[in-house]
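Each remark here refers to the structure printed beneath this line.
The values are calculated or read from the model by the stated rules, or taken from the named source; none is laboratory data. Being a predicted model, the structure only gives us computed values, none of them experimental. Please note: Cβ atoms are built from the backbone with ideal geometry, for glycine as well, and neighbour counts cover all protein chains shown. Surface areas here come from the heavy atoms of the whole protein model, side chains and all, with no ligands, DNA or RNA. Shrake-Rupley method; radii C 1.70, N 1.55, O 1.52, S 1.80 Å.
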Amino acid sequence: MTLTALLTLMGLQLLIAVSPGPAGVLTIKTAASDGGRAGVALSVGLALAIVIWATAALAGLSLLFEVAPFLQTSLRLIGAVFLIWIGYSLWRHAPEPMPDVSVADARSLASLIKLGLWTNLANPKALAYFAAVFTGIMPADASLAWAVLIIVIIFCIELLWYCTLALVFSRPAPRRAYARAKRWLDRVFGGLVMALGARIAYPGGS
């Protein structure tokens, strides 16, 4: 594997991470409402999910979808339903007050890691990228050491991006602004995530 191929993969992974999607929306909402610790915990889950997708791609995910195309459709629909459920939850809890972030709750942080994990596992954008683009760029003769290095780099890119979002939007000024408009912002966030889920479920309807 060449340095050019590695840099190309890194650049594409960064573009995928920063592009708008449910993971970014959920990170901003979580950091603004629950604080930086919660946002970072969510970010860990989001990054771990991408590692799972990358590992699956290296293990032959695209070949599996060629053999069983219905599996890709099933995963897309499951992901769409999960995103709609997340969006509905944001909408339903919009009137609730912001939580007290001064009390650390290890169990709630663990639940946020799980939420991040399932959110990006259900993200069809990640599914499409790793099943098609990633496997097309990754050299067939890449060694195990290169594969491990790429997975580590992918994890670091995803984690740093979402942690950056979390730390920016958990600062006092963004949190105060969020608190003033929480009811409406949560409904906007929830509506966006539900719309993304619906678009994924019915791609031919747009």
Review point. Out of the residues in region 189-206 that are assigned to a helix (DSSP H, G or I) and surrounded by fewer than 15 Cβ atoms within 10 Å (Cβ to Cβ), which is modelled with the highest pLDDT?
Key: G191
Study note, to complete from the structure: Subset of region 158-182, residues in contact with a Gly (Cβ under 6 Å, 6 or more places away or on another chain), open to solvent by less than 20 Å² (accessible area, probe 1.4 Å) and not aliphatic (A, V, I, L, M), comes to none
Practice item. Would you tally the residues in region 32-61 being of a type in the set (S, T, N, Q) and surrounded by 22 or more Cβ atoms within 10 Å (Cβ to Cβ)? Key: 2
Review point. Looking at this structure, is I86 modelled with pLDDT of 85 or more, buried (at least 21 other Cβ atoms within 10 Å of the Cβ) and in a helix (DSSP H, G or I)?
Key: no
Review point. Does L185 fit the bill of being within 19 Å of S89 (Cβ to Cβ), of a type outside the set (D, E, K, R), open to solvent by 30 Å² or more (accessible area, probe 1.4 Å) and at pLDDT below 80?
Key: no
Point to revise | Whichever residue in region 1-31 is open to solvent by less than 30 Å² (accessible area, probe 1.4 Å) and of a type in the set (A, V, I, L, M, F, W, C) and, among such residues, is modelled with the lowest pLDDT | key: A5
